[in-house]
Amino acid sequence: MEVILSSQVLVLNRFWQAVNVVGMKRAFSLLVKGHADVIHQEEDDFQLYDFNQWLDASEMDSIPESECLHTVRRIIRLPKVIILKYFDRLPIKEVKFHRKSIFHRDKFHCQYCGKLFKEFELNLDHVIPRHHGGRTSWENIVTSCITCNSLKADRLPHEAGMRLVRKPVRPKWRPFMTVAQNKGKHRSWDYFLRPLQGG
């Protein structure tokens with residue numbers, strides 16, 4: 001039961017834009033209070049259900065055990081996407097500048113050789129070294145593998161005969177997107193996340 005309740009639900013604002021990812025308990029709370037509806041994809045169509053309609057629909061379908069919650073009286077299908085009835089904004093929070101955010105921005109690729117690595121195989125590199133006046137910022141820090149990091153050392157990339165795969169920039173994704181793209185992501189989220197992943 002705890003595993004089921006810890007699964008994640010994508011939250012949309014009333015304009016059908018992805019704004020958050022929440023746990024199942026929070027999703028059910030929003031549904032019960034009437035603050036949100038469930039969006040359920042049926043073939044190429046999306047259906048909206050308020051909480052009572054969702055309860056009724058859950059009883060009519062045969063649902064795999066992994067996709068439902070058993071209560072004393074009912075079997076309830078777990079929602080994958082909910083839409084807020086009144087919230088129409090997008091979150092304005094910036095991505096926090098820290099190690100994991102940089103790994104996610106660079107997609108775990110060394111920005112010098114371009115190869116994919118596991119997190120523990122990567123370092124953070126100042127493109128312009130600190131002794132050359134380089135700052136610790138989104139625009140001057142990249143992920144690099146241990147080999148490239150050692151090769152570059154405290155030199156500018158051109159001094160080491162190296163080039164960046166991609167210029168480092170401040171990320172454009174919203175904070176919840178890191179969560180949305182991890183292993184908890186459902187296929188039913190793809191339609192709502194696709195426009196954001198392009199940016």
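Out of the residues in the range 18-58 that are touching a Phe, Trp or Tyr at 6+ places or on another chain (Cβ under 8 Å) and assigned to a loop (DSSP other than H, G, I, E, B), state the one that is farthest from residue 191 (Cα to Cα). In this case the residue turns out to be 34.
Of everything in the range 59-104 that is of a type outside the set (Gly, Ala, Ser), modelled with pLDDT under 90 and assigned to a helix (DSSP H, G or I), the residue that is nearest to residue 10 (Cα to Cα) is 67. Restricting attention to the range 1-16 and to residues that are out of contact with any Gly (no Cβ under 7 Å at 6 or more places or on another chain) and at pLDDT 85 or above, the residue that is farthest from residue 69 (Cα to Cα) turns out to be 15.
The values are calculated or read from the model by the stated rules, or taken from the named source; none is laboratory data. Because the structure is a prediction, the values reported are computed rather than measured. Counting neighbours? That spans all protein chains shown, and the Cβs are built from the backbone with ideal geometry, glycine included.
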